[in-house]
Amino acid sequence: FQAEDGIRDYKVTGVQTCALPILRLIPGLFSLWLRAWGAKVGNNVYWTPILEIADRGLLTIGDRVIFGHRVGLYSHAIKPKGDDLLLYVQRITIGDDVFIGADSRFAPGVVVAANTYLPVKSDLYPKTTITPCDSSCADVN
């Protein structure tokens, strides 16, 4: 949003890559930037211009992964538990040769096996494991 003082604030809980256009000028620079935050990112990963990543250090991404437009990777979730709030944090793991359709959302603890195709708008809930047959044989939404 645009604040009254003219300073732009893109995201508090994560990062939207459109907020970091310099990382788009050189192929592989965004992956390198994520590695600097502690993420494990393989080779030849294709990042679209707009995606959302919370908890950059809690990602493991294999080689030759393609991210669709507006994918969300959320390694933490907060839910009410009685009068308190429960914070759930777990690494997201994506194997080699994975295609992730646009508008897909990943919750904490999601594991996507190698050679998997995820269709558009796949919602993956906490601790979900997806194999190639799961994504092509059933609706993962």
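The values are calculated or read from the model by the stated rules, or taken from the named source; none is laboratory data. Since this is a predicted model, take the numbers as computed values, not measurements. Ideal geometry is used to build each Cβ from the backbone, glycine not excepted, and the neighbour counts take in all protein chains shown. In case anyone asks, the SASA skips ligands and DNA or RNA and just uses the protein heavy atoms, side chains included. Shrake-Rupley method; radii C 1.70, N 1.55, O 1.52, S 1.80 Å.
Of note:
- Heavy-atom accessible area per residue - region 48-126, 1.4 Å, Å²: 48 Å²
- Heavy atoms of residue 30: accessible area, 1.4 Å probe, square angstrom to 10: 0 Å²
- Listed peptides 82-90, 56-64 by packing density, highest first (mean Cβ within 10 Å): 56-64, 82-90
- Per-residue HN-Hα couplings for region 39-45 [Karplus 6.51, -1.76, 1.60; θ = phi - 60°; Hz; x = Gly/Pro]: 6, 9, 10, x, 8, 6, 8
- Local net charge near residue 108, Cβ-Cβ under 12 Å (Lys/Arg +1, Asp/Glu -1): +3
- Space enclosed by the convex hull of the alpha-carbon atoms of region 28-75, per residue, Å³: 61 Å³
- The share of C-alpha pairs in region 22-141 whose separation exceeds 24 Å stands at 23 percent.
- Near the amide H of residue 114, within less than 5 Å, lie the amide hydrogens of 95, 96, all on another chain or at least 5 residues away, with H placed in the peptide plane.
- The label point for residue 37 and the one for residue 76, both projected 7 Å from the Cα toward the Cβ, are 1.2 nm apart.
- Packing here is the average count of other Cβ atoms within 10 Å per residue, and on that basis the peptides 32-40, 71-79, highest first, run 71-79, 32-40.
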